[in-house]
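Below: one structure, written as structure tokens.
The values are calculated or read from the model by the stated rules, or taken from the named source; none is laboratory data. Just so it is clear, the structure is predicted and the values come from calculations on it, not from any experiment. Here the Cβ positions follow ideal geometry from the backbone for every residue, glycine too, while neighbour counts run over all protein chains shown. We work out accessible area using only protein heavy atoms, side chains counted, and drop any ligands, DNA or RNA first. Shrake-Rupley method; radii C 1.70, N 1.55, O 1.52, S 1.80 Å.
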Amino acid sequence: MAFSLTRSPRELVFRTARLTRREWLTSSYVRLRFEGADLRGFGSLGSDDHIRVFFPDSESAPDALTGLDPAAVRSVGISREYTPLSWDAEAGILDLEFVLHGDAGIAGPWAATAPVGATVGIGGPRGSLVLDGAPDGWFLAGDESALPAIKRFIGAMSADAVGQVVVEVPDAASEQDLATPGGVRLRWVHRGRAAEGATLGLALDALTEADRPAGEIFAFVAAEQSVMKPGRALFFDRWGLDPATAVVKGYWKRGEAEYHAPH
């Protein structure tokens, strides 16, 4: 077999870290850098890993967790799940990316406005799904919430990789600069006023057997939960993939702030 997906459990560790940098990639998508001694030794083996980030509740000041130890942050903070984008385990640095939806929610407004030096708590990852080996081809799809995982998968591709990446965003202004190998086609689809996931679902529905990369492929799709039905239909019904070599996830669910995907 060209590759395999292997689950690797990890000891659950809680940390605190300080916000040190904010970089806007689009008007509704921001990259934050966190630093701190607790982040030394941090690691993430799987591109689809999740950590829990603990923020102050909406009635607290953005820096309300500053000075608390990890146990205290866990007890008073409100958490959401994110995929680690990149890190330096020796220097104690971690980069995360956030999708903003105006003033809605807890994490987005904090990510947009929290002062440099403000504290978050970080728990995990509890485990990883590790891709071992080299697929013959790749197929990655998702919405903005899946971009950190998609970026990490792209980073794991060889220079001669082949496949396709499909990303749903609101409009052309929300596209980002993703550098894929020459043999990997990147396609952005714009949802406009459609519900999140609907346009991506239509793009998946339109793919046929002729669109399947040759050989043993790694296939991944993650977006609003409604994408699971067209994702499964494509991977398992039309392309006949082994469920052990494909990932279909609803990263979030419309109307349920506390929803998180199983992993």
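Helix 147-156 axis versus longest C-alpha principal axis of the chain: approximately 60°, rounded to the nearest ten. Dividing the convex hull volume of the alpha-carbon atoms in region 1-133 by its residue count gives 112 Å³ per residue. Modelled this way, with points 7 Å down the Cα-to-C-beta line, the labels at TRP188 and ARG254 are 2.3 nm from one another. Computed extension length for ASP160-ALA214: 18.1 nm, one decimal, from 0.36 nm per residue of separation with the Cα-Cα distance subtracted. Each label was represented as a point 7 Å from its Cα along the Cα-to-Cβ direction; for ALA72 and ASP205 these points are 5.3 nm apart. Averaged over its residues, the chain has an accessible area of 45 Å² per residue, based on protein heavy atoms and a 1.4 Å probe. Compared with the direct C-alpha span, the chain from VAL116 to ASP103 gains 2.7 nm at full extension, assuming 0.36 nm per residue. Taking only protein heavy atoms and a 1.4 Å probe, the accessible area of region 157-263 is 52% carbon and sulfur.
If the chain between ALA134 and LEU178 were fully stretched, how many nm would it gain, using 0.36 nm times the residue separation less the Cα-Cα distance?
13.8 nm
Working from Cα pairs under 8 Å separated by at least six residues, relative contact order for region 140-263 is 23 percent.
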